[in-house]
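Data block below; observations after.
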């Protein structure tokens, strides 16, 4: 697999994971749903037990593609026996699809319709690579969110970065590292000082999802720690960070 293909795959997986988390908050279920681990192999996409229905819709705008939300029989039954009467499954799941689309930028959801689950996922497979994410409630698989997106015409890092602009990433600040044996770790006690591999005057690292993006000086802002950026690393500069 080429470097560009690997980057595209990682980009799409990150995008789908963020969209699935947004959708999970609005899928009607007896308990709050949480997103599981993304699956990129179409042959191993997890379906909820008794997968009863799937809603498929098209995406258009800054990003185009197709989305599928498969729900279990429990969810369909809950919609059929709601306190306000039987609810249309496609209409009830549209807010979840719209929340997922919103993570992609200015993207519209259109032509949502009810489809048999396997046929809905096969439809995504026919259009290219897609990623699926199981949605869980109290350890029970309640739904599956799947998304196929078309990367922007400008391929490579620039196109991938554009697709990620609305995706939330984990940002950490690292002031240093060290290596210790298990025995040394187990012997730690309150008050002990662990020496790091960095001088006190050296800048701290800013990492996004474990990737070094910038360096800077640790400061205090309203009793909270902050980082005053002093340098954007070369790879990040090439991606347009800090531009």
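Filtered by the rule that a residue be part of a loop (DSSP other than H, G, I, E, B) and modelled with pLDDT under 80, segment 185-243 gives 209, 210, 233, 239, 240, 241, 242, 243. Scanning segment 41-97 for residues that are free of Cβ contacts under 8 Å to residues at least 60 places away in the same chain and within 14 Å of residue 146 (Cα to Cα) returns 41, 43, 44, 57, 58. Taking the criterion of being in contact with a helix residue (DSSP H, G or I) (Cβ under 6 Å, 6 or more places away or on another chain) and either in a strand (DSSP E or B) or free of Cβ contacts under 8 Å to residues at least 12 places away in the same chain (or both), the residues of segment 98-112 that qualify are 107, 109, 112.
In this structure, residue 117 does not satisfy being at pLDDT 85 or above, touching a strand residue (DSSP E or B) at 6+ places or on another chain (Cβ under 7 Å), over 16 Å from residue 147 (Cα atoms) and assigned by TED's automatic domain parsing to the domain that holds residue 134. Within the span defined as segment 148-162, one or more residues are within 30 Å of residue 49 (Cβ to Cβ), assigned by TED's automatic domain parsing to the domain that holds residue 60, in a strand (DSSP E or B) and modelled with pLDDT under 85. Per the listing 31, 91, 37, the residue uniquely part of a helix (DSSP H, G or I), touching a strand residue (DSSP E or B) at 6+ places or on another chain (Cβ under 9 Å) and surrounded by fewer than 16 Cβ atoms within 10 Å (Cβ to Cβ) is 91.
The values are calculated or read from the model by the stated rules, or taken from the named source; none is laboratory data. Treat the numbers as computed from the prediction; the structure is a model and nothing was measured. Note that each Cβ is placed from the backbone with ideal geometry, even for glycine, and that neighbours are counted across all protein chains shown.
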